[in-house]
Amino acid sequence: MVTAAGNPRLLLRRLRDIMQERTSAQDRLDRIVTLIASNMVAEVCSIYLMRHGGELELFATEGLNKSAVHKTRLKKGEGLVGDIALHARPLNLPDAQSHPNFVFLPETGEEPFQSLMGVPILRDGLCLGVIVVQNKTRRLYDEEEVEAAQTIAMVLAEMVASGDLVSPGELEETGIRRDRPWRGKGSAIADGVAIGEVVLHEPRVKVERLIAENPDAERVRLETAVAELRSSVDEMVDHEDMELLGDTKEVLEAYRMFANDSGWLTRLREAIGTGLTAEAAVERVQSETRARLMRHTDPYLRERAHDLDDLANRLLRHLAGLADTAAGALLPDNVVLVARAMGPAELLDYDRAKLKAVVLEEGSPTSHVAIVARALGIPLVGRIDNLVDMADSGNAIIVDGERGEVHLRPAADVVASYRAKLAVMAQRELEFAAVRDAPAETADGVAVALNLNAGLAVDLPHLDETGAAGIGLFRTELPFMITTRLPSLRQQTDLYARVLTAAGTRPVTFRTLDLGGDKVLPYMHMEAEENPAMGWRAIRISLDRPALLRYQLRAMIAAAAGRNLNVMFPMIAEVAEFAQARALLDAELARAASLGKTPPAAVRAGTMLEVPSLGWSLKPLLAIADFISLGTNDLMQFFFASDRGNPRLGDRYDALSPAFLRFIRACVEEASAAGKGLAVCGEMAGRPLEALALAALGVRQLSMQPHAIGPVKMAIRSVALGPLAAFLEQRLDDPGHSLRDDFRAFAEAAGAKLA
């Protein structure tokens with residue numbers, strides 16, 4: 001039994017006193033094991049810490065042979081100590097030597113000792129070492145003793161992590177090292193390069209005070225913070241905007257269940273009872289819970305570890321009196337936002353002038369936050385595992401949105417290399433700025449209109465900044481995606497009017513809602529589909545739910561009063577679909593006229609060409625459509641029957657394949673014969689080499705992301721189009737995979753600038 005002298009709070013105070021003494025690390029470890037042994041009436045106390053290579057080394061002992069210190073080593077899973085480390089759970093054995101995992105280590109001199117109790121030293125769910133106590137007599141250590149050992153282990157974990165006990169270089173890098181350079185490879189989601197400082201979106205609270213002076217006061221602090229946490233979670237779940245969230249609301253309800261779990265609160269109270277502060281109690285309980293869940297075979301339970309991490313961190317922020325996110329905090333001038341995941345609205349909360357890049361542990365090119373990041377021109381890298389645990393706010397970080405790389409706490413030579421890269425990029429930006437107002441015209445006098453892809457009000461300044469000829473694609477679904485409810489008619493009308501006003505005399509093409517597939521509204525229930533890219537989406541939703549489309553068309557007509565209106569319907573697969581959609585547009589125009597509303601000055605209706613079937617119906621389509629625009633992202637996917645979201649297939653097929661180029665040329669010829677306009681508004685249009693190929697095939701309108709207009713204009717102005725067109729004409733029947741390398745070589749030889 002633990003004696004009065006073994007009161008855990010007294011033990012913690014004595015432990016704190018030892019740590020405050022100016023002695024060597026080994027001396028402190030030696031005194032700590034002696035202290036624990038005497039307080040727990042144990043004949044042996046030993047501390048094992050994790051070395052490089054994943055081996056547990058005996059770092060200090062009271063009761064075993066001192067000569068074994070720094071010589072005895074066990075692999076994870078080897079012996080009882082290794083078993084404790086592997087499973088991150090305590091062992092309490094009255095007859096340790098009869099246990100099947102017992103390994104006899106003659107150099108330690110532990111033969112006389114029968115009973116054993118050991119607990120893992122955990123931090124962030126990772127095992128840093130093991131504390132072991134032993135006795136000669138067979139005994140089962142009581143719950144108070146196990147609890148005391150776990151409390152001591154938690155305090156030691158913080159001391160080990162901070163380097164107060166052992167030089168960090170001596171230990172295994174188990175996620176606690178936050179002073180060395182670290183490189184992560186993920187997915188390039190939004191182009192660009194940035195050097196800045198880490199700002200954690202949900203800041204991790206660093207627990208400074210571990211040992212409580214007044215346990216009763218700590219209990220009050222805990223109860224108050226828990227009440228605040230539960231209230232904030234209830235407010236989030238029960239908010240009126242959440243009523244339409246469907247499955248997402250169920251996830252939040254599960255989150256609320258965790259916050260109200262009585263077992264969780266009981267464990268927190270018990271941890272405070274051992275002498276810990278409220279913050280230290282939260283750290284200890286969560287570290288133990290996380291270690292247990294992450295070793296579970298059920299993937300659902302492993303995922304719940306992240307929910308509990310978030311909940312624990314929220315509780316710590318309530319204890320510290322901090323806001324839930326960093327958006328409202330005092331931020332540095334070069335913010336690199338780091339988060340596990342975040343929504344688009346959360347991203348827009350940050351000061352755009354200070355936000356230089358975003359890095360997510362999750363995220364994909366088609367996520368809503370990715371769409372907004374690209375619209376803002378912010379580099380974004382996703383799928384960087386463990387970054388939130390590895391990074392601290394204020395850490396230097398480099399984000400390479402072109403390679404999908406992140407350099408955390410980079411070495412000086414890496415920083416120098418990227419500064420040189422940024423200098424080159426800045427010089428290119430100056431070159432692009434110099435031709436901003438110059439026409440996008442080839443050396444042999446062929447003009448190509450370079451338009452902007454947009455979707456949010458924040459995109460509008462790019463019109464003047466880039467010298468764009470207009471907006472070739474305004475994605476109307478983006479404002480729907482970043483809110484928790486359907487935008488009202490007035491809100492839609494105001495947005496479309498702002499867009500037209502910002503454009504002035506420059507043309508704007510509004511694409512109607514392109515929902516479904518990878519673009520789902522948070523308030524719209526969508527049934528799971530085996531192949532959502534080819535499922536119920538875009539115009540199919542709009543024609544099946546015509547009220548939604550008519551509502552949107554009504555807003556566009558009202559916004560365009562007295563101005564030109566260009567409307568484009570997405571995902572048209574057959575002429576009949578376009579005819580239906582145009583009939584709805586005509587009906588809304590007739591309604592506006594009947595109400596005496598000012599009509600648009602002129603109305604043009606066209607379609608995206610994303611489905612290859614439409615390419616074989618262009619003659620009847622162009623008899624009733626005013627223009628077509630090739631959406632090359634989806635068009636390539638369907639043309640090659642290749643899922644663009646599959647990483648194994650992402651680079652398998654090339655936009656400059658002879659077959660794909662022949663298809664585009666055929667579309668250009670059909671549109672030209674009908675006297676109708678043809679544009680390209682997919683990613684293909686925004687890459688200089690591909691833009692030259694499209695122009696050589698006869699495309700005279702390209703629409704792209706803001707950052708692409710400068711490079712594409714430079715490429716177009718640098719070369720005569722005639723020789724490029726002749727080259728492609730000769731090579732379109734090639735049987736090969738791609739013309740990319742040959743076309744690049746020819747274009748560069750002809751003087752093309754393809755920066």
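The values are calculated or read from the model by the stated rules, or taken from the named source; none is laboratory data. Since the structure is predicted, the reported quantities are computational estimates derived from the model, not experimental observations. All Cβ positions, glycine included, derive from the backbone under ideal geometry; neighbour counts span all protein chains shown.
If we scan region 222-242, do we find a residue that is at pLDDT below 65 and at positive phi?
Of region 222-242, the ones at pLDDT below 65 are 236-242.
Subsequent filtering for residues that are at positive phi retains none.
So far as region 222-242 goes, no, none of its residues is at pLDDT below 65 and at positive phi.
How about region 141-181: which of its residues are outside any helix (DSSP H, G or I) and either aromatic (F, W, Y) or at pLDDT 80 or above (or both)? Write out each step before concluding.
First, the residues of region 141-181 that are outside any helix (DSSP H, G or I): 141-142, 163-167, 171-181.
Within region 141-181, Y141, D142, P181 qualify.
In this structure, does A280 turn out to be at pLDDT 75 or above and hydrophobic (A, V, I, L, M, F, W, C)?
On the way: at pLDDT 75 or above: yes; hydrophobic (A, V, I, L, M, F, W, C): yes.
Here the answer is yes, as A280 does meet what is asked.
Taking the options V33, V41, name whichever one is within 30 Å of A212 (Cβ to Cβ), surrounded by fewer than 18 Cβ atoms within 10 Å (Cβ to Cβ) and among the hydrophobic types (A, V, I, L, M, F, W, C).
Working: V33 fails: surrounded by fewer than 18 Cβ atoms within 10 Å (Cβ to Cβ).
That would be V41, the only listed residue that is within 30 Å of A212 (Cβ to Cβ), surrounded by fewer than 18 Cβ atoms within 10 Å (Cβ to Cβ) and among the hydrophobic types (A, V, I, L, M, F, W, C).
Restricting the search to region 1-30, which residues are at pLDDT below 75, out of contact with any Asp or Glu (no Cβ under 8 Å at 6 or more places or on another chain) and β-branched (V, I, T)?
Selection gives T3 alone.
Does M50 count as buried (at least 16 other Cβ atoms within 10 Å of the Cβ), within 19 Å of L12 (Cα to Cα) and of a type outside the set (V, I, T)?
Working: buried (at least 16 other Cβ atoms within 10 Å of the Cβ): yes; within 19 Å of L12 (Cα to Cα): no; of a type outside the set (V, I, T): yes.
No; evaluated as a whole, the condition is false for this residue.
Here is a list: L543, L515, L500. Which entry is modelled with pLDDT under 95 and touching a Lys or Arg at 6+ places or on another chain (Cβ under 9 Å)?
Numbers: L543 fails: touching a Lys or Arg at 6+ places or on another chain (Cβ under 9 Å); L500 fails: modelled with pLDDT under 95.
Exactly one residue qualifies, and that residue is L515.
Looking at D544, D634, D643, which one is touching a Phe, Trp or Tyr at 6+ places or on another chain (Cβ under 8 Å), under 23 Å from M481 (Cβ atoms), assigned by TED's automatic domain parsing to the domain that holds L489 and not hydrophobic (A, V, I, L, M, F, W, C)? Walk me through it before giving the result.
Details: D634 fails: touching a Phe, Trp or Tyr at 6+ places or on another chain (Cβ under 8 Å); D643 fails: touching a Phe, Trp or Tyr at 6+ places or on another chain (Cβ under 8 Å).
The unique qualifying residue is D544.
If I ask for residues that are surrounded by fewer than 21 Cβ atoms within 10 Å (Cβ to Cβ), assigned to a helix (DSSP H, G or I) and under 47 Å from the mean Cα position of the chain (by Cα), which ones from region 83-97 would you list?
L86, H87
Please enumerate the residues belonging to region 682-693 that are within 26 Å of the chain's Cα centre (by Cα) and hydrophobic (A, V, I, L, M, F, W, C). Working first, answer last.
Filtering region 682-693 for residues within 26 Å of the chain's Cα centre (by Cα) gives 682-684, 686-687.
Hit for region 682-693 is M684, nothing else.
Could you list, ordered by first residue, the pairs with Cβ atoms under 7 Å in which the first is in region 552-579 and among the charged types (D, E, K, R) and the second is assigned to a strand (DSSP E or B) and at pLDDT 95 or above, at least 6 apart or interchain?
R563/P600
Within region 560-645, considering only helices (runs of 4 or more DSSP H) that don't extend past its boundaries, which have at least 2 residues that are within 31 Å of the chain's Cα centre (by Cα) and surrounded by 17 or more Cβ atoms within 10 Å (Cβ to Cβ)?
Result: 632-639.
Regarding V133, is this residue at pLDDT 90 or above, within 17 Å of R31 (Cβ to Cβ) and assigned to a strand (DSSP E or B)? It would help to see each step written out before you state the result.
Details: at pLDDT 90 or above: yes; within 17 Å of R31 (Cβ to Cβ): yes; assigned to a strand (DSSP E or B): yes.
Judged against the criteria, V133 is a match.
Within region 14-25, which residues are over 16 Å from A157 (Cα atoms) and surrounded by 14 or more Cβ atoms within 10 Å (Cβ to Cβ)? Working first, answer last.
Let us first name the residues in region 14-25 that are over 16 Å from A157 (Cα atoms), namely 14, 17, 20-24.
If the condition is that a residue be over 16 Å from A157 (Cα atoms) and surrounded by 14 or more Cβ atoms within 10 Å (Cβ to Cβ), then R14 is the only one that fits.
Given (1) touching a Cys at 6+ places or on another chain (Cβ under 9 Å); (2) free of Cβ contacts under 8 Å to residues at least 60 places away in the same chain; (3) closer than 23 Å to D437 by Cβ, identify the lone condition not met by L678.
(3)
Would you be able to tell me the number of residues in region 112-130 that are assigned to a loop (DSSP other than H, G, I, E, B) and within 14 Å of L93 (Cβ to Cβ)? Give the derivation first.
Kept after step one, since they are assigned to a loop (DSSP other than H, G, I, E, B), are these residues of region 112-130: 112-114, 124-125.
Narrowing further to those that are within 14 Å of L93 (Cβ to Cβ): 113-114.
Residues flagged as assigned to a loop (DSSP other than H, G, I, E, B) and within 14 Å of L93 (Cβ to Cβ) within region 112-130 amount to 2.
Can you confirm whether V458 is in contact (Cβ under 8 Å) with a residue 60 or more places away in the chain, assigned to a helix (DSSP H, G or I) and either among the basic types (K, R) or in the same structural domain as A357 (by TED's automatic domain parsing) (or both)?
Working: in contact (Cβ under 8 Å) with a residue 60 or more places away in the chain: yes; assigned to a helix (DSSP H, G or I): yes; either among the basic types (K, R) or in the same structural domain as A357 (by TED's automatic domain parsing) (or both): no.
In short, no.
Condition (residue is modelled with pLDDT under 80 and farther than 23 Å from T274 by Cα) applied to region 35-52: is it met by at least one residue?
Going through region 35-52, the residues modelled with pLDDT under 80 turn out to be 52.
Of the ones still in play, those that are also farther than 23 Å from T274 by Cα are 52.
Yes.
Touching a residue at least 12 places away in the same chain (Cβ under 8 Å) and under 18 Å from L622 (Cβ atoms) - does that describe any residue in region 700-707?
yes
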